[in-house]
Amino acid sequence: MSPNATIPSNAQPPRVCIVMRDLGQPSEVWMLRQARLLRGVQPTIVCWNVVGDADRTAPVPVERVHTPAAPMPDRWRRARALARTLTGSSPFEGARSERAALRAIFERTGASAALAHFGAAALRILPAARDLGVPVIAHFHGLDVSSQLRDRWYRIALRRNIRRFAGMVIVGEHQRQVLLAYGADPSRIRLIPCGAPTNVFTPAPEPPRRSDPVGIIVARLIPTKGHDAAIHALAGAAERGVLACLRIVGDGPLAGMLKDLASRLGVASRVEFMGVRTPEEVLAQLRDADFALQPSCPDGSGWVEGFGVAVTEAAACGLPVIGTRFGGIPDQIVDGRTGLLVPPGDTAALTDAIALLASDHELRLRLGAAARERAVEHFDSAILAGRLSEFILETVHHASGAHANNAHA
């Protein structure tokens, strides 16, 4: 089937289970956007945990996996995991009751395929899916092809089962070599970033013009997102006489430390911690900002930024983005044309970039316009969801053909 695979007009669209561990995480809003935008398939979300009332507000039907099995002692858990991997099974399949629950969901929904967000979830559902002949597409994002690989059991499971995935989706080109090193079939890998709805994330009618430009970071307050480097750089720019403000949208374990850092560096009045905001509030804040930052950096865990949806959202709003040359961020930012790239963890370079953008209104407008153009052309979520839909249909067709061939063999 061609990459532009479609189904006959008289056929029912394939039913696809969209599997995710948590439904409704503020940092994973792109999952719901993607599910809503899929075309030519009938999606059902399958999850273990629900945040708030996300199951009632989701754009597609939701099935929840209930797994009441009690945990085993660690040594028995690991022994059973090893036994499974040595026999070619996944150590992430969970208790027998969970496998039965997943099978029941796949049967009840009439699943023709399952798209699992993150590698561990794909491995976890694989045994139940294989019981029923349901092809699994593993959608990798970031930690599942970086820091999580430090877990021995995850590595073993991935290596032994990667050829059992009917397809694999990556969000950054840098992830392809990781999967190939674990034995993936290169013909079954597709690069499809998550993107953002560029018809929703649009520039403000009148770009703000103020004496103290405002930068914005939208990210969880964790070490890998580089908030501390941004605060240091803001203070460094102020020492040069370039005054700017910083809005931090998100929450996390570093909130207290970052507030103390801003106070210690004398920029507490210029750093606003806004906490978790709704998507509508994030959009309003982006439209009221002058530039955005994504200073992601390694933290020693092996984690690598997969894509960075916040970069797309900011760019779609016409903001130039200062990002780091790390993971999938350079896939989005063209240095000097749509934003600025600096080495990860390089506070001096980040200071230079903030000082440059904060002091040059025309440069911000020029880079922001180019950023918007690139986001619309390459990273619009509707276009990318269309590509994902085509890959799902192609995978269903491929699996159906293989099943038919085996039946006649």
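The values are calculated or read from the model by the stated rules, or taken from the named source; none is laboratory data. Owing to the predicted nature of the structure, the values given are computational and were not obtained by experimental measurement. FYI the Cβ positions are ideal-geometry reconstructions off the backbone, even for glycines, and counts take in every protein chain you see. Please note that ligands, DNA and RNA were not included when accessible areas were found on the heavy atoms of the full protein model with its side chains. Shrake-Rupley method; radii C 1.70, N 1.55, O 1.52, S 1.80 Å.
Structure notes:
- Close pairs from region 129-141: first of a type outside the set (D, E, K, R), partner open to solvent by 10 Å² or more (accessible area, probe 1.4 Å) and part of a strand (DSSP E or B), Cβ under 7 Å, at least 6 apart: VAL134/ALA111
- The residues of region 55-77 that are modelled with pLDDT under 90 and among the aliphatic types (A, V, I, L, M), listed by number, are ALA69, ALA70, MET72.
- Pairs where the first residue, in region 26-39, is at negative phi and the second is basic (Lys, Arg), C-beta under 9 Å, 6+ apart: PRO26/ARG220; PRO26/ARG277; SER27/ARG220
- Residues that are at pLDDT 95 or above, farther than 12 Å from VAL218 by Cβ and loosely packed, with under 15 Cβ neighbours inside 10 Å within region 269-283 comprise just one, SER269.
- A single member of ALA104, ALA166, ALA181 is at pLDDT 95 or above and in contact with a strand residue (DSSP E or B) (Cβ under 8 Å, 6 or more places away or on another chain), and it is ALA166.
- Any strands (runs of 3 or more DSSP E) falling wholly within region 107-185 and containing at least 2 residues that are over 21 Å from the mean Cα position of the chain (by Cα): 111-117
- Pair list, Cβ < 6 Å and 6+ apart or interchain, from region 379-400 residues that are more than 16 Å from ALA138 (Cα to Cα) and open to solvent by 10 Å² or more (accessible area, probe 1.4 Å) to residues that are assigned to a helix (DSSP H, G or I) and among the hydroxyl-bearing types (Ser, Thr, Tyr): PHE379/THR312
- Residue that is least open to solvent (accessible area, probe 1.4 Å), among those in region 29-72 that are among the acidic types (Asp, Glu) and touching a strand residue (DSSP E or B) at 6+ places or on another chain (Cβ under 7 Å): GLU63
- Checked against the criterion of being in a helix (DSSP H, G or I), crowded, with 20+ Cβ neighbours inside 10 Å, in contact with a Leu (Cβ under 9 Å, 6 or more places away or on another chain) and at pLDDT 95 or above, the candidates ALA314, ALA355 yield just one match: ALA314.
- Test for THR202: is it of a type in the set (Ser, Thr, Tyr) and farther than 17 Å from LEU143 by Cβ: yes
- Considering residues of region 159-214 that are among the hydrophobic types (A, V, I, L, M, F, W, C) and in contact with a Gly (Cβ under 6 Å, 6 or more places away or on another chain) only, the residue surrounded by the most Cβ atoms within 10 Å (Cβ to Cβ): VAL171
- Among the residues of region 1-27, the one identified as under 18 Å from ALA166 (Cα atoms), at pLDDT 85 or above and open to solvent by 50 Å² or more (accessible area, probe 1.4 Å) is ARG15.
- Meets criteria (farther than 18 Å from ILE192 by Cβ and among the hydrophobic types (A, V, I, L, M, F, W, C)) for ILE125: yes
- Any chance ARG210 is more than 29 Å from VAL29 (Cα to Cα) and part of a loop (DSSP other than H, G, I, E, B): yes
- Scope region 215-237; condition closer than 19 Å to ALA348 by Cα, touching a strand residue (DSSP E or B) at 6+ places or on another chain (Cβ under 6 Å) and not in a helix (DSSP H, G or I); matching residues: GLY215, ILE216, ILE217
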